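Since the structure comes first, as structure tokens, the remarks are kept for the end.
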Amino acid sequence: MKAIRIHEFGGPDVLSIDEIPVPQPGKDEVLIRVHATSVNPVDWKIRAGLRKEKFPSKLPLTLGWDVSGVIEELGEKAGNFRKGDEVYGRPDPTKNGAYAEYIVVKANLLAIKPISIGHTEAAAVPLAGLTAWQGLFDKGLLKEGQKVLIHAAAGGVGTYAVQFAKSKGAYVIGTASDQNIDFLKRLGADEVIDYNMENFETVVSDVDLVLDTIGGDTQLKSIEVLKTGGRLISTLAADYVKEAKEKGVVLINYMVQSVPDQLDEIAQLIDSGKVKPIIDQVLPFTDARKAHITNEEGHTRGKIVLQVI
């Protein structure tokens, strides 16, 4: 089978198209014929050697930690799945990923994909969708009627966060460039702040929750817009815990986990028409280098999907 692997850490040029054997599933694993995967910042960060401590991986390594495809084989303890099931999920980022024609994944990391969309759209959901879900609800404790500020709202995580928060009945504010203002309002945002024209910390106040995927000064300034007891949830390092404590707000960071029950809930929202995956572009998986360059620039609307079939 073909797989996109790295044999060393570095720039996009270290991605190579290799011919390797089809992996075999263990007792608690399934073999998936990959239909599509997608590109996330963790992909190029691992490729560049920036995540060696969090994700200790052996080289050569196949990248890609979103998958949508069809089960081809099952281990004897692979749960209730059957051959032919259409599944999606976020594979273990310390193991070989889904930039490949086949992938082996532990069955307890997978869910049945949404029935109303194809594999191309489903592949754009798991990692970004779970990140948004866990940031808003598990860590952010978002409730109906609360006010939430979502940074980078037009990005992969942000587009899901806007839709999830709106489905919960929250008042949603997003930051984005001017070209995404109308798009985000159509997606459900109540307000959109053009970060090139306005400083969000001067126009937003009394926020219950901030979802931060940017870090740095954005994280520091976000503390000021929160009400006492508010929560600042970051996918990056929590660099300003002291400042948050002084303001009387909670600052925590988190790393997304694979939770099939949450994938089921997300699938229900998609199948009910309340949430839709936003895809910036679809490329053949052999164009992974191009996809990494674009993703690393950080201005995609939604996700970049790599089509395998």
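Numbers for the structure displayed
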item	result
For Val305: the one exception among (1) crowded, with 16+ Cβ neighbours inside 10 Å; (2) over 22 Å from Leu184 (Cβ atoms); (3) not acidic (Asp, Glu)	(2)
Subset of the range 36-58 (residues that are in contact (Cβ under 8 Å) with a residue 60 or more places away in the chain and among the hydroxyl-bearing types (Ser, Thr, Tyr))	Thr37, Ser38
First in the range 1-30 and within 21 Å of Val42 (Cα to Cα), second anywhere and among the hydroxyl-bearing types (Ser, Thr, Tyr) and in a loop (DSSP other than H, G, I, E, B), Cβ under 9 Å, 6 or more apart	Ala3/Tyr99; Ile4/Tyr99; Arg5/Tyr99; Leu15/Tyr99
Residue match in the range 213-226 (condition: surrounded by fewer than 24 Cβ atoms within 10 Å (Cβ to Cβ), of a type in the set (A, V, I, L, M, F, W, C) and under 29 Å from Asp280 (Cα atoms))	yes
Of all residues in the range 145-164 being more than 13 Å from the chain's Cα centre (by Cα) and among the polar types (S, T, N, Q), the one that is nearest to Lys185 (Cα to Cα)	Gln163
Count of residues meeting criterion [of a type in the set (Gly, Ala, Ser) and within 19 Å of the chain's Cα centre (by Cα)] in the range 71-99	3
Close pairs (6 angstrom Cβ cut-off, 6 or more residues apart or separate chains): not assigned by TED's automatic domain parsing to the domain that holds Ala176 in the range 204-233, buried (at least 23 other Cβ atoms within 10 Å of the Cβ) and of a type in the set (Asp, Glu) anywhere	none
Only one of Val157, Val105 that is at pLDDT 95 or above, in contact with a helix residue (DSSP H, G or I) (Cβ under 8 Å, 6 or more places away or on another chain) and not aromatic (Phe, Trp, Tyr)	Val157
Total residues in the range 70-94, condition surrounded by fewer than 21 Cβ atoms within 10 Å (Cβ to Cβ), β-branched (Val, Ile, Thr) and either in contact (Cβ under 8 Å) with a residue 40 or more places away in the chain or touching a strand residue (DSSP E or B) at 6+ places or on another chain (Cβ under 9 Å) (or both)	1
Output for the range 8-27, where each listed residue is under 25 Å from the mean Cα position of the chain (by Cα) and exposed (fewer than 15 other Cβ atoms within 10 Å of the Cβ)	Glu8, Gly10, Gly11, Asp13, Ser16, Ile17
Residue match in the range 255-275 (condition: crowded, with 18+ Cβ neighbours inside 10 Å, touching a residue at least 60 places away in the same chain (Cβ under 8 Å) and among the basic types (Lys, Arg))	no
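The values are calculated or read from the model by the stated rules, or taken from the named source; none is laboratory data. Computed from a predicted model, the values in this text were never measured in an experiment. Every residue, glycine as well, gets a Cβ built from its backbone with ideal geometry; the counts of neighbours run over all protein chains shown.
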